[in-house]
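S.K.: Supplied in structure tokens, the structure appears directly below.
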Amino acid sequence: MFELQFVRFAYRWKYANGQHSCYSPFTQVVFIPSEFKYLSSDGHNIGMTNNVRYVKLSNFDTKPDDVVEMDILYKESNNNLIL
């Protein structure tokens, strides 16, 4: 799923009055490299692909009483767009 991407996650709360909190800090990059495999013909290490097979998000802050939803935010390292 993330083979060629370096991704980070964060979250924010949605309150009962429709307001949103600011973003939490983003996680470290979710990345597990493959084995080192340098091909001189290509000039780069093709082993630098992401080997992550699943991601488990945990250890969120305690939910405030007036929160009705939590949004999980996703960001790729080469893009400023937050989804």
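The values are calculated or read from the model by the stated rules, or taken from the named source; none is laboratory data. Every value quoted in this text rests on a predicted model; they were computed, and no experiment measured them. All Cβ positions, glycine included, derive from the backbone under ideal geometry; neighbour counts span all protein chains shown. With ligands, DNA and RNA removed, areas are computed over all heavy atoms of the protein, side chains included. Shrake-Rupley method; radii C 1.70, N 1.55, O 1.52, S 1.80 Å.
S.K.: Evaluate E = 1/(1 + (r/R0)^6) for MET48 and ASP71, where r is the Cβ-Cβ distance and R0 equals 41 Å; express this FRET efficiency to the nearest 0.05.
M.R.: Working: r = 31 Å, r/R0 = 0.75.
Between MET48 and ASP71 the formula returns 0.85.
S.K.: So if I average 1/r over every pair of distinct C-alpha atoms in the chain and take the inverse, what Kirkwood radius in Å does that give?
M.R.: 15.0 Å
S.K.: With a probe of 1.4 Å, find how much accessible area the chain has per residue, and write the answer as a whole number in Å². Intermediate results must be reported in sequence, preceding the final value.
M.R.: On the way: 6450 Å² over 83 residues.
Here the residues of the chain average 78 Å² of exposed surface.
S.K.: Per the 1.4 Å probe, what fraction of the accessible area of the chain, in percent, lies on carbon and sulfur atoms? Could you put the intermediate results ahead of the total?
M.R.: Details: 3310 of 6450 Å².
Here it works out to 51 percent.
S.K.: Using the Karplus curve 6.51 cos²θ - 1.76 cosθ + 1.60 with θ = phi - 60°, what ³J(HN,Hα) values do you get for each residue of the stretch 51-61, in whole Hz, with x for Gly and Pro?
M.R.: 9, 5, 10, 7, 10, 10, 9, 8, 6, 6, 4
S.K.: Could you work out the relative contact order of the chain, using alpha carbon pairs under 8 angstrom and six or more residues apart, expressed as a whole percent?
M.R.: In percent, rounded to a whole number, it is 40.
S.K.: What does the extension gain come out to for LEU81 and ILE32, with contour length at 0.36 nm per residue minus their alpha carbon separation?
M.R.: Working: separation 49, 0.36 × 49 = 17.64 nm, distance 2.27 nm.
Length difference between fully extended and current span is 15.4 nm.
S.K.: Quick one: how many lysine pairs does the chain have with C-alpha atoms less than 24 Å apart and a gap of 8 or more or different chains? Give me the count, please.
M.R.: 5
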